[in-house]
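Here the structure comes first, spelled out in structure tokens, and everything after it is commentary.
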Amino acid sequence: MSAPYHSGELAVQEQAGGRQMAQMVGRGIRPFLFDYVVYALPEQNLFVASVADDDGNLWALPLAGENVFARAVDAYTMAIDTPLNPNNPLHHALQPGRAIGLLGIVLQNRIRIRINGIIESVTPEGITVHVQQAYGNCPKYIQKRRLIAVREAAPETITTFTHLSAEQQTWIAVADTFFVATSHPDAGADASHRGGNPGFVQINGDTLTWPDYAGNMMFNTLGNIIANPNTGLLFIDFERDRVLQLTGQAEVLYDDPRQSDFAGAQRLVTFTVTAGRELTNTTGQLWSLDNLSHYNP
């Protein structure tokens, strides 16, 4: 059976010389919730969703909190039970019939799963998704964190902007983790994780640049960017329960002269902010860092 890759993913695989490995790894992508994913779902205490708003801007949304719980309804349907704040404008992007990519990640033990599909229903208590792709991901570049507190719901504050402040640039410059929302016109939405040592993301005004490290050769994220540069980023301040959501345009750079400035970089990705939101009291979770991934270059 041929692995389910679109033309953008195939182009990056070809450039990287990883087509054969990608075909092997891609056999793990299933069009239903297979046993590993079914058993892993209830363990996830943080989901990141990739979804487009009414204007087509792509955003990465955290779905987390005191009562977050994911479960398989049947082999082709999953539910995430988590209260949705009606005052959060991005929660209005969660509409039935809209493509969604979901990354579930357990920071305590570096487990992550990916589920992509179509939103079936949305209620104040959560969402259900018709599954089109489900697969696991390796633990590479995930920093191990310990959940130290789950707080009761507090009023969420939302600040919108079109340019990064100096404080926000500093936040990004010291981050060791962020999440990426991408989509393909035909293949749908996808949410992924990026990690490295603090400082692995370089920032110049409203433009971010980060290294793409060696991985599984599937290139879901980069393949989507090749086909559709609309991209969303999510930075979580794990110690203070605040998040930075950015939307903009991304580009994959091959053989860029700056690549040597990034240890372990196979290629670079740049992202230019067009709009953003800073939110507090969003996840209800407070984390402490246990240790950085030994895979980090």
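The values are calculated or read from the model by the stated rules, or taken from the named source; none is laboratory data. These numbers come from a predicted model, not from an experiment. We place every Cβ from the backbone using ideal geometry, glycine too, and count neighbours over all the protein chains shown. Note: accessible area is taken over every heavy atom of the protein model, side chains too, but ligands, DNA and RNA are not part of it. Shrake-Rupley method; radii C 1.70, N 1.55, O 1.52, S 1.80 Å.
Using a 1.4 angstrom probe, figure out how much accessible area the chain has per residue, in square angstrom, rounded to the nearest whole.
It amounts to 42 Å² per residue over the chain.
Can you tell me, using C-alpha contacts under 8 Å and at least 6 residues apart, the relative contact order of segment 146-235 as a whole percent? Can you show the working numbers first?
Working: 102 pairs, mean separation 29.3, N = 90.
Relative CO of segment 146-235 lands at 33 percent.
Only four residue types carry charge here, +1 at the Cβ of Lys and Arg and -1 at the Cβ of Asp and Glu. Report the dipole size of the chain about the Cα centre in Debye, rounded to the nearest 20.
Around 720 debye, computed over the chain.
Please give me the summed charge of the neighbours of GLN245: other residues whose Cβ is under 10 Å from its Cβ, Lys and Arg +1, Asp and Glu -1.
Working: positive: ARG277; negative: GLU278.
Net charge around GLN245: 0.
Relative to a virtual label point 7 Å from the Cα of ASN88 in the Cα→beta-carbon direction, which members of segment 44-80 show backbone nitrogen distances below 15 Å?
Residues passing the 15 Å test: 45-53, 59-70, 80.
If I model a spin label at THR157 and SER7 as a point 7 Å from the Cα along the Cα→Cβ vector, what separation in nanometres do I get?
4.8 nm
Ranking request for peptides 219-231, 112-124, 13-25: highest mean number of other beta-carbon atoms within 10 Å first, then the rest in descending order.
Taking the mean over residues of other Cβ atoms within 10 Å, the ranking is 219-231, 112-124, 13-25.
Per residue of the chain, what 222 nm ellipticity follows from adding -39500 (n - 2.57) for every DSSP H run with n ≥ 4, rounded to the nearest 500?
My calculation for the chain gives -3500 deg cm²/dmol from helical runs alone.
Please report, to one decimal in angstroms, the Kirkwood hydrodynamic radius of segment 239-285 built from all distinct Cα-Cα pairs.
Evaluated over segment 239-285, this radius sits at 13.1 Å.
Tell me the Kirkwood radius of the chain: reciprocal of the mean inverse pair distance over distinct alpha-carbon atoms, in Å. Working shown, then result.
Values: mean 1/r = 0.0525 Å⁻¹.
Here the Kirkwood hydrodynamic radius works out to 19.1 Å.
Average projected area of the Cα convex hull of segment 1-134, in nm²?
Reported value for the Cα convex hull: 9.2 nm².
Hey, any idea what % of segment 59-125's accessible area is carbon plus sulfur with a 1.4 Å probe? Don't skip to the end; give the middle numbers.
Numbers: 1390 of 2620 Å².
After summing per-atom areas, the C and S share lands at 53 percent.
Would you tally the net charge around GLY195, using a Cβ to Cβ cut-off of less than 14 Å, leaving GLY195 out, and scoring K and R as +1, D and E as -1?
Around GLY195, the charge tally is +3.
Of the peptides 186-192, 139-145, how do they stack up when ordered by the mean number of other Cβ atoms within 10 Å, highest first?
Ranking the peptides 186-192, 139-145 by packing returns 186-192, 139-145.
Just going by the charge dipole of the chain, with Lys and Arg at +1 and Asp and Glu at -1 on Cβ, which of ILE203, THR270, TYR141 is farthest out on the positive end?
Among ILE203, THR270, TYR141, the one farthest towards the positive end of the dipole of the chain is TYR141.
With +1 on each Lys and Arg Cβ and -1 on each Asp and Glu Cβ, how big is the dipole of segment 107-258 about its Cα centre, in debye rounded to the nearest 20? Walk me through the numbers before you get to the answer.
Numbers: 12 positive and 16 negative charges, 126 e Å.
Computed charge dipole of segment 107-258: roughly 600 debye.
With a 1.4 Å probe and all protein chains in place, put HIS193, HIS91, HIS130, HIS294 in order of accessible area, largest first. Intermediate results must be reported in sequence, preceding the final value.
Values: HIS193 10, HIS91 30, HIS130 70, HIS294 155 Å².
My answer, sorted largest first, is HIS294, HIS130, HIS91, HIS193.
With a 1.4 Å probe and all protein chains left in place, how much of the accessible area of segment 209-296 comes from carbon and sulfur atoms, in whole percent?
Using a 1.4 Å probe with all protein chains present, segment 209-296 comes out at 46 percent carbon and sulfur.
Name the residues of segment 94-116 whose amide N is less than 19 Å from a point 7 angstrom out from the Cα of TYR39 along the C-beta direction?
Label zone hits: 104-115.
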